[in-house]
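First comes the structure, then the notes that go with it.
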Amino acid sequence: MNNFKKKNNIILIIFSIFFTFYSILSNADRIENKNQEFPMELSDLPIEELMNVSLEVGTKNSTLFKDIPGIITIIGEKEIKNSGARDLIDVLMQVPGFTFASDVEGVVSLGFRGIWAYEGKVLLLWNGHELNEALYGTVQLGRRYPVDHINRIEVMRGPGSVIYGGFAELAVINIVTKNADDLNGLETTVNYGQMGNTLGGRNLSLSYGKRWDDWSISLQTFYSQGQRSNQTYFDSNGDSYNFSGNSRLNSGLINLDLSYKDLDFKLFSNIYHTLERDGVSKNISVPVQNDFNQTSASLSYRLKISKDLQFKPYLYYSSQAPWRATYPDEVNEQSGIPYDRTVSRTNFGAEFNWNLTSFLSWTAGAELNQYLATTKIPERFYNNLSNISYSDTILLNQIMIQSSIANFTVGLRYINNSIYGSNLVPRAGLTKSIESWNFKLLYSNAYRAPTFENFNTNLNIQPEKTSNIEFEVIKNINKISNISFNIFKLNIKDPIIYTNLNDQDVYLNYKKTGSIGFELQHRVQSKGQYLLTSYSFSSALKNEVDIYSTSDPTQLVGVSKHKFTILANQKILWENLFFSPSIAWLSSKKGNSWDNQNKVFSMVDQPAVLLVNLYFTQKDIVFKDLDLGFGVMNLLDSQYGYTQAYNAIHSPIPGYGREYLTRINYSLSL
Amino acid sequence: MKRDLVSIFCQLFLTRWMLIQLGVFSLIFKIYFPGLAFGSEYLIEDVESIFISKLSEYINWSTFYGSDFNIIVLGQSKLTKSLQKISENKKILGKKVSVRTVLDHEKINNCNILIIPENKVENLGSILQQVEGHHILTVSRSEGYAEKGVMVNFYEESGKLRFEINLKAAKAEGFQVSSQLLKLARIVGSE
């Protein structure tokens, strides 16, 4: 009986593959052979007859933001450029829900909706390259990624796990850089920032982009040197040092996108060197270097089978070497954690996008991931081997139905992990527009299997699972302004949390944590001028992670419950001069800190902080497309410390102090 | 724990989910493309550019900027090349046609028709504000743009090019649209 079933299955597979690819290739052949000359013969037709002309494939199936089953924030190139943002911290500070905190070794990263999201809970994509490293799932921020390269940032506030995988547990930050058409020639940007007597940051970007008929290329390069802060840090023993010269953040990056027709090759490489003296329990006597490096490449082909059907096979490879630290012996004695491990990910898959009818579209995909970790220091993994691997296979399906009642989206992701077995992740969304109102009701789950270092430190670790429900309403007030409001409730079951037991790094499954809250955004935009305001609130919900707990059950360590932001841009004084002030106010938070007056290290209320930035841009200075920017960030020189996001033994890492910035940007069309 | 690629690949294709998916996919494919037939088909940009070049036959301009009939494409678009081809030896309302690209909407001037690509959704309100009162016909091919104030918006329906007209927006800028064109269009926006 089993043999009979297996035989039937094999016949079905062969039939399906053969028939599918035959159909695809038959169409592809016809498409390729088509005459691409301009159809002058149509120019004499009256409009009535033009309306009967059949169109070829190629129209992109674009879903309007209002129909996307997610809470979306878009940050455009101009908003980033006008604001004087130095890095992703400055940009995301203006997005509801995001806060920033610290881990160890001077590393700063993000929290979202009241939860420390750094450990693989928010996915960061740079032109499709996954920036979360696959050993721990973390991503490090601070003068690392060049915001001058960005065309737009699409932030999906809420889980995107069905489409984007395990790291998209709480949110997805999808960064889209300038393509060949956006660049259309050369572009160069030079930034310089002075923080007190210390170099804040200086960087150089060189980009080139061009399209020739079927070919297009965009090549972007970036080199940056900077410091985390010029303020003073106290360790848990009260020893202090100034971050000037001790908190270097140097980054180099190359981003290439080469396309021929629908064949696309992408290459990304980033080297990030940091300097820190943030030892395990006390300051290290000399600054030491940590490296976080990544190189990745992808090859994809978008085959337009018909105007309604696209098929996209892809191949992706990534090699990452995060947390690399090889210290001199005297430092090893103080910090004790040299580290040199590499992780690679090979990914092969394909996706279909199919508009089955005018009201029904289907997205399906299959993917195979192979992960491999190798170690030099420490020399062995838990199983006494120098390399370990695992794999997962993924199938996803999503159907979108557009109807007069509402638009419905239902998605399902199937994961089969070679260690943790199989799991199903569902999502469902309902979107509806009524005149100037837009409504979204969303439910989504997320599933994240443990990464290498999660199970390397604890063989009993299990996947964490998240469920999220949210509702959004958007009111378009008039042509230039709108207001949006959303509420959310998220629960994480078996969260995978880093802690330190008996001087050993270990990951544990705690029982659960979660948050509930709301976000409010208002946007007014007219003739290049805008005013964007936001307020976000989150409260801890059913948290049972003791190292996240504070005396207030509604507030987790290192998190501000309230955030209020303003970002504006206005023409002033004379032509082409723009003034862009921005404000971020974050309410008080709780975290461990050294009290230098009472000489005690304990969990205290860290006061609310107001960050005020003023930035000016003079466009077309001297000649066309030469822009000059200048301004001051953190005008009030507020002491914004990145609190350690769990109850441990580090004081807050000092944030950027007052910094005077200048930027020159020049674009040359070729 | 360690598995080689071949064994995982086999596992993938022997997964029941994959079987069901492939089976359904091939069945629908068979129904959906019974003959796999392609007749005479044209790039949407080419048909759209011809359409745009004919709009002046149905829409009345009361004033002009410059000596040429100026079409501006906001940002890079495949449409630019098609418009340039159709305009090479063509005159609109007796004037030579100029097609050019402008990357920044704040730098739009001397314009009779403005083409707004679909990726401008985040700035659409600002773009429309910029051209308001300048007697510029706005044209796009993006779902929902006509409702947002673009005067002529193209869309695809059953493999054919269709268009909608926001008559209120067109009239507000002083355009008179012929009844012949209105009969063919889907009208959006209440007057």
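The values are calculated or read from the model by the stated rules, or taken from the named source; none is laboratory data. All of these numbers come straight from a predicted model, not from anything done at the bench. As a convention, Cβ positions derive from the backbone with ideal geometry for all residues, glycine included, and neighbour counts pool all protein chains shown.
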| said: Yes or no: the stretch A:468-480 includes at least one residue that is within 14 Å of another protein chain (Cβ to nearest Cβ) and outside any strand (DSSP E or B). | reply: yes
| query | Mind checking which residues of the stretch A:408-434 are polar (S, T, N, Q) and surrounded by fewer than 21 Cβ atoms within 10 Å (Cβ to Cβ)? | reply | A:N416, A:N417, A:S418, A:S422, A:N423, A:S433
| Being touching a Leu at 6+ places or on another chain (Cβ under 6 Å), crowded, with 18+ Cβ neighbours inside 10 Å, in contact (Cβ under 8 Å) with a residue 24 or more places away in the chain and within 21 Å of A:G165 (Cβ to Cβ), is that true of even one residue in the stretch A:351-358? | no
| For A:E119: the one exception among (1) in contact with a Leu (Cβ under 8 Å, 6 or more places away or on another chain); (2) closer than 28 Å to A:T451 by Cα | (1)
| request: Look at A:S102 and say whether it is away from chain B (no Cβ under 14 Å), without any contact (Cβ under 8 Å) to a residue 60 or more places away in the chain, touching a strand residue (DSSP E or B) at 6+ places or on another chain (Cβ under 7 Å) and among the small types (G, A, S). | output: no
| said: Regarding the stretch B:72-88, can at least one residue be identified that is under 30 Å from A:L360 (Cα atoms) and modelled with pLDDT of 85 or more? | reply: yes
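Could you pull out the residue among A:I153, A:I173 that is farther than 27 Å from A:T662 by Cβ and part of a strand (DSSP E or B)?
The match here is A:I173.
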| field | Residue ID - farthest from the other protein chains (Cβ to nearest Cβ), chosen from residues in the stretch B:142-177 that are of a type in the set (D, E, K, R) and farther than 22 Å from A:T357 by Cβ | value | B:K171
| Sole residue being away from chain A (no Cβ under 12 Å) and under 19 Å from the mean Cα position of the chain (by Cα), chosen from B:I127, B:I86, B:I72, B:I92 | B:I72
| task | Keeping to the stretch A:494-508, report how many residues are buried (at least 19 other Cβ atoms within 10 Å of the Cβ) and either within 14 Å of another protein chain (Cβ to nearest Cβ) or part of a strand (DSSP E or B) (or both). | result | 4
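Criterion first (within 7 Å of another protein chain (Cβ to nearest Cβ), over 19 Å from the mean Cα position of the chain (by Cα) and modelled with pLDDT under 85) does B:F64 satisfy it? Working first, answer last.
Working: within 7 Å of another protein chain (Cβ to nearest Cβ): no; over 19 Å from the mean Cα position of the chain (by Cα): yes; modelled with pLDDT under 85: yes.
Considered against the rule, which asks whether it is within 7 Å of another protein chain (Cβ to nearest Cβ), over 19 Å from the mean Cα position of the chain (by Cα) and modelled with pLDDT under 85, B:F64 comes out as no.
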| task | Could you please give the count of residues in the stretch B:163-191 that are small (G, A, S), at pLDDT 85 or above and farther than 14 Å from B:N153 by Cβ? | result | 4
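Is it the case that some residue within the stretch A:308-318 is farther than 23 Å from A:I163 by Cβ and of a type in the set (D, E)?
Our first condition is that a residue be farther than 23 Å from A:I163 by Cβ; within the stretch A:308-318, this holds for none.
No, that holds for no residue.
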| query | So which of A:Q521, A:Q525, A:Q555 ends up being more than 18 Å from A:A101 (Cβ to Cβ) and either small (G, A, S) or over 23 Å from the mean Cα position of the chain (by Cα) (or both)? | reply | A:Q525
| remark: Listed by first then second residue, the pairs whose first member lies in the stretch A:406-428 and is within 16 Å of A:S361 (Cβ to Cβ), whose partner is modelled with pLDDT under 95 and not in a strand (DSSP E or B), with beta carbons under 6 Å and at least 6 positions apart or on separate chains, are A:N407/A:D67; A:T409/A:P69; A:G411/A:V162; A:R427/A:V162
| note | Sole miss for A:W594 among (1) surrounded by 18 or more Cβ atoms within 10 Å (Cβ to Cβ); (2) at pLDDT 90 or above; (3) more than 26 Å from the chain's Cα centre (by Cα); (4) under 30 Å from A:K282 (Cβ atoms) is condition (2)
| task | For residues that are under 26 Å from A:Q320 (Cβ atoms) and among the basic types (K, R), tally how many sit in the stretch A:406-460. | result | 2
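Condition check: touching a helix residue (DSSP H, G or I) at 6+ places or on another chain (Cβ under 9 Å), closer than 24 Å to A:G200 by Cβ and modelled with pLDDT of 95 or more. Does A:V147 satisfy that? So that I can check it myself, show each step before the final result.
Details: touching a helix residue (DSSP H, G or I) at 6+ places or on another chain (Cβ under 9 Å): yes; closer than 24 Å to A:G200 by Cβ: yes; modelled with pLDDT of 95 or more: yes.
So A:V147 fits the description; yes.
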| request: May I ask you to list the residues in the stretch A:602-621 that are assigned to a strand (DSSP E or B) and touching a residue at least 24 places away in the same chain (Cβ under 8 Å)? | output: A:M603, A:Q606, A:V609, A:L610, A:L611, A:V612, A:N613, A:L614, A:Y615, A:F616, A:T617, A:Q618
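Quick check: anything in the stretch A:178-193 farther than 30 Å from A:G514 by Cβ, crowded, with 24+ Cβ neighbours inside 10 Å and at pLDDT below 95? Can you show your working first?
Applying the first criterion (farther than 30 Å from A:G514 by Cβ) to the stretch A:178-193 yields A:178-193.
Adding the requirement that they be crowded, with 24+ Cβ neighbours inside 10 Å leaves A:183, A:191, A:193.
Narrowing the set further to residues that are at pLDDT below 95 leaves A:183.
Taking every residue of the stretch A:178-193 in turn, at least one turns out to be farther than 30 Å from A:G514 by Cβ, crowded, with 24+ Cβ neighbours inside 10 Å and at pLDDT below 95.
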| request: State all residues of the stretch A:523-582 that are of a type in the set (D, E, K, R), at pLDDT 95 or above and over 30 Å from A:E77 (Cα atoms); if no residue qualifies, say none. | output: A:E544
| remark: (1) surrounded by fewer than 19 Cβ atoms within 10 Å (Cβ to Cβ); (2) within 18 Å of B:I72 (Cβ to Cβ); (3) over 17 Å from the mean Cα position of the chain (by Cα); (4) in contact (Cβ under 8 Å) with a residue 40 or more places away in the chain all hold for B:I108 apart from (4)
| said: If I filter the stretch A:594-601 for residues that are in contact with a strand residue (DSSP E or B) (Cβ under 6 Å, 6 or more places away or on another chain), in contact (Cβ under 8 Å) with a residue 24 or more places away in the chain and part of a strand (DSSP E or B), do I get at least one hit? | reply: yes
| message | I'd like to verify a number: residues in the stretch A:363-401 that are touching a Leu at 6+ places or on another chain (Cβ under 9 Å), hydroxyl-bearing (S, T, Y), more than 10 Å from chain B (Cβ to nearest Cβ) and not in a loop (DSSP other than H, G, I, E, B), how many? | response | 2
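Test of understanding: among A:S588, A:S602, A:S638, which residue is surrounded by 18 or more Cβ atoms within 10 Å (Cβ to Cβ) and closer than 26 Å to A:S236 by Cβ?
Values: A:S588 fails: surrounded by 18 or more Cβ atoms within 10 Å (Cβ to Cβ); A:S602 fails: surrounded by 18 or more Cβ atoms within 10 Å (Cβ to Cβ).
The conditions single out A:S638.
Criterion first (within 14 Å of another protein chain (Cβ to nearest Cβ), closer than 21 Å to A:A428 by Cα and either out of contact with any Pro (no Cβ under 7 Å at 6 or more places or on another chain) or not in a strand (DSSP E or B) (or both)) does A:S515 satisfy it?
Values: within 14 Å of another protein chain (Cβ to nearest Cβ): no; closer than 21 Å to A:A428 by Cα: yes; either out of contact with any Pro (no Cβ under 7 Å at 6 or more places or on another chain) or not in a strand (DSSP E or B) (or both): yes.
So A:S515 fails the test.
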| field | Filtered residue count, the stretch A:622-644, keeping only those that are among the aliphatic types (A, V, I, L, M), out of contact with any Gly (no Cβ under 7 Å at 6 or more places or on another chain) and touching a residue at least 24 places away in the same chain (Cβ under 8 Å) | value | 4
